[in-house]
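Report on the structure given below.
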Amino acid sequence: MLAVFGYFMYTLFRTDNNVVYRVALIVGVIGDFLGLSLLLVLLFYSYKKWHESGHTVTNIILSGMIIFYVVLNVSIYLPQWLPSDIWQLRGVISWLALFVLWQFLRFFITSMIYGLVVKRPEVGPLVVLGGGLVDGYFVGRIVSQRIKAAVKDAKQMTPYPMIVFSGGQGEDELISEAQAMRDYAVKELHVPIEKTRLEDQSRNTFENIRNSSEMLHTPFTFYSSDYHILRGATLAQQQKVTASGRGGKSPFPYRIIAFLREFSGVMNIKKKAQIVWGSLLFFVAMAVVIIVFR
């Protein structure tokens, strides 16, 4: 991939190939704009992750790289106040932004395919991942769709499977998310209470998967929102937990924003890999610029 990237960069900067140059320039500008938007989203959610999980070296490096790319990307559209040698970095930064766009498209397509490939489980147990509560007590529309998806599958199994509701109590919540989800499932969907268990210590998806696995000691199917399934599956794989995910439907407008947040989450799971790839692409592009403009 690095070789293809390097050759494409070289072709782009060859001014004798006007058609290729113009097409690549148009694609580059569009991709640059979208990639820059994604970089800003990554920066925002990386900062939140950095603030929540601590100022680790990896988080600092990744956030620093994103800031560096964003600042340089924005600067290339300003008047040429930079020296010409430095201003030629516009191609480097633009194609790095395009790389981020490519990563997002991979993530989006993989999420769609994963949702289609994973079929209804034949046996339990099932785990429903929690979310924020309404008025501190009640599950909202998005979480209720997760519960409905799990119960729909459970009703087609014989015997009726065990359903674990996983979610701790947030600072602004009056009961645990697990308790609120079970109350909803029992009262509204008539789930037998003896077929439910609570995992009420989790604070995030990583802990949802880990704590549920430690409670069950067997492979399971987890239920979350459709946009969240791939990250859950990635975190399960990271912990060597055998689990597959099924998604509850979410409103389309909300899904767009949620996919951006999930993309940032998946990128942050493998921060070191993103740092390595970002650095490699930067230096390859730099080498091409130096060779072309020497």
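The values are calculated or read from the model by the stated rules, or taken from the named source; none is laboratory data. None of these values were measured; they are calculated from a predicted model. When we count neighbours, we look across all protein chains shown, and the Cβ atoms used for this are built from the backbone with ideal geometry, even at glycine.
Key figures for this structure:
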| read-out | value |
| --- | --- |
| Checking Val139 against (1) under 18 Å from Lys249 (Cα atoms); (2) buried (at least 19 other Cβ atoms within 10 Å of the Cβ); (3) touching a residue at least 60 places away in the same chain (Cβ under 8 Å), the condition it does not meet | (3) |
| The lone exception for Ala178 - which of (1) touching a helix residue (DSSP H, G or I) at 6+ places or on another chain (Cβ under 9 Å); (2) surrounded by 21 or more Cβ atoms within 10 Å (Cβ to Cβ); (3) at pLDDT 90 or above it fails | (1) |
